[in-house]
1. Considering VAL183, VAL195, which residue is touching a Ser or Thr at 6+ places or on another chain (Cβ under 7 Å), more than 23 Å from GLU296 (Cβ to Cβ) and hydrophobic (A, V, I, L, M, F, W, C)?
2. Do you know which residues across the range 271-306 are touching a residue at least 60 places away in the same chain (Cβ under 8 Å) and assigned to a strand (DSSP E or B)?
3. (1) farther than 28 Å from LEU164 by Cβ; (2) touching a helix residue (DSSP H, G or I) at 6+ places or on another chain (Cβ under 8 Å); (3) touching a residue at least 60 places away in the same chain (Cβ under 8 Å): which one isn't true of ASN309, the others all being true?
4. Which numbered condition trips up LYS200, out of (1) surrounded by 15 or more Cβ atoms within 10 Å (Cβ to Cβ); (2) free of Cβ contacts under 8 Å to residues at least 40 places away in the same chain; (3) among the basic types (Lys, Arg)?
5. Name every residue in the range 261-270 that is surrounded by fewer than 21 Cβ atoms within 10 Å (Cβ to Cβ) and in contact (Cβ under 8 Å) with a residue 60 or more places away in the chain, in order of residue number.
6. Report those strands (runs of 3 or more DSSP E) wholly inside the range 135-220 carrying at least 1 residues which are under 20 Å from LEU323 (Cβ atoms).
7. Within the range 316-331, can one find any residue that is modelled with pLDDT of 90 or more, surrounded by fewer than 20 Cβ atoms within 10 Å (Cβ to Cβ), touching a Lys or Arg at 6+ places or on another chain (Cβ under 8 Å) and under 22 Å from LEU250 (Cβ atoms)?
8. Could you check, for the range 233-240, whether at least one of its residues is without any contact (Cβ under 8 Å) to a residue 60 or more places away in the chain, aromatic (Phe, Trp, Tyr) and either assigned to a helix (DSSP H, G or I) or over 30 Å from MET331 (Cα atoms) (or both)?
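The values are calculated or read from the model by the stated rules, or taken from the named source; none is laboratory data. From a predicted model like this one, the values you see are computed outputs, not experimental measurements. Quick reminder, even Gly has a Cβ in these numbers, built from the backbone with ideal geometry, and neighbours come from all protein chains shown.
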Amino acid sequence: IFSNAVIKNSLRVQRVSRKDKSKGKLQKTYGRFGSLSSDRKKKSLKKPSEKVSNTSPVVFIQKPVKSLPRIPRKDPLASTTRPSEPLRTLRYETNYSEESYSVLSLYKHKDKSLSSLIQPRKSSISNNESVYRYHLFQIYQSIKFIKSLFPPDESQIRSKLAHLPKPSHATKTVVFDLDETLVHCCKDSSKAQVVIPWKKLNSGLPINIRPYARRCLKEASKLFEVIVFTASSKDYANLILDYLDPRNKLIHHRLYRESCFVFKGLFVKDLRILNRNLKDTVIIDNSTHSFAFQLENGIPIVSWKDDLNDKELLNLTQYFKILNEVEDVRMPNQETFKLHSFQQEYFQCFLTPNINKC
């Protein structure tokens, strides 16, 4: 019994001494205020060459990598801003570079791909290039927008049907847009060619008339039924059209905003409301989304503001002769403007990194 008590007592003393020693070590380690002492800090820092025990967590330290210089991607639409200077027609770089971008020249080179025709010449004026690229960009954006639309059904078409009499002298119909196609309404009357008196405006309605507008309407009226279809209000449009055609001999019918369909805030002109055969109908508009549901019937003319050297409408009169001779106006339009494949070609040429491939 004594021996057992002695053994137990000695074991208890050993445990106490171990606790005291551990307390001393803890005091040494943490110092007076419980923080790691400088000696312990030095010992705790291990060199990368020292082996780490298996119980310690593995930490992967990534060496700093020198950042490579970022290569700026060339923005093909950097110059595609709305031009503030007078609009001009851009010449393009082909074997026929002396011809301007126009309906007639595009038809002459219809066998070429679109991408071969939209390369601007190096000698062209930068403003011209921006105007031309902006026009192409507008077409691209319009076609993207069009693909998200569903055409009106038959009941909707009947609700907006224009009850027009059948043409007496012509078998084909040409539809003109008004603003930025035939005329441009100015904000500043001092910069306008003409100020038309209007009761709603004390200062009158200031407008610019596109070069060859009357001549184009006159030539068109000889061959076709001419309709002006605008998204503008009736009183505004009639004021301008009465000035352009005071005797009502050039324009046979007029359609206004209420005849348009509205999709996401944009006006769309569905040619089916005219009750004319689509193979005999063509529409000239600077906004491609205007003829969203009849792309093959559309001529996307360049928007006009005040360039007195513009000849798009003059070139259009030559294209009318081609349309008058064909059985289906959609065929030369498809070959000329390639609107159904335009989005893909434009994307490959302007919106892909390898721009040189176009």
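1. On the way: VAL183 fails: touching a Ser or Thr at 6+ places or on another chain (Cβ under 7 Å).
One residue alone meets the criteria, VAL195.
2. Start the filter on the range 271-306 by keeping residues that are touching a residue at least 60 places away in the same chain (Cβ under 8 Å), which leaves 271-276, 280-290, 292-293, 295, 299-306.
Once the filter is applied, which keeps residues that are touching a residue at least 60 places away in the same chain (Cβ under 8 Å) and assigned to a strand (DSSP E or B), the range 271-306 yields THR281, VAL282, ILE283, ILE284, ASP285, ILE299, PRO300.
3. (2)
4. If we test LYS200 against (1) surrounded by 15 or more Cβ atoms within 10 Å (Cβ to Cβ); (2) free of Cβ contacts under 8 Å to residues at least 40 places away in the same chain; (3) among the basic types (Lys, Arg), just (1) comes out false.
5. Our first condition is that a residue be surrounded by fewer than 21 Cβ atoms within 10 Å (Cβ to Cβ); within the range 261-270, this holds for 261-267, 270.
Once the filter is applied, which keeps residues that are surrounded by fewer than 21 Cβ atoms within 10 Å (Cβ to Cβ) and in contact (Cβ under 8 Å) with a residue 60 or more places away in the chain, the range 261-270 yields PHE261, PHE263, LYS264, LEU266, ASP270.
6. On the way: elements: 173-176, 183-185, 194-198, 201-209.
Ranges flagged: 173-176.
7. So far as the range 316-331 goes, yes, one or more of its residues are modelled with pLDDT of 90 or more, surrounded by fewer than 20 Cβ atoms within 10 Å (Cβ to Cβ), touching a Lys or Arg at 6+ places or on another chain (Cβ under 8 Å) and under 22 Å from LEU250 (Cβ atoms).
8. So in the range 233-240, the residues without any contact (Cβ under 8 Å) to a residue 60 or more places away in the chain come out as 233-239.
The next check asks that each one be aromatic (Phe, Trp, Tyr); those that pass are 236.
Subsequent filtering for residues that are either assigned to a helix (DSSP H, G or I) or over 30 Å from MET331 (Cα atoms) (or both) retains 236.
The answer is yes, given that some residue of the range 233-240 is without any contact (Cβ under 8 Å) to a residue 60 or more places away in the chain, aromatic (Phe, Trp, Tyr) and either assigned to a helix (DSSP H, G or I) or over 30 Å from MET331 (Cα atoms) (or both).
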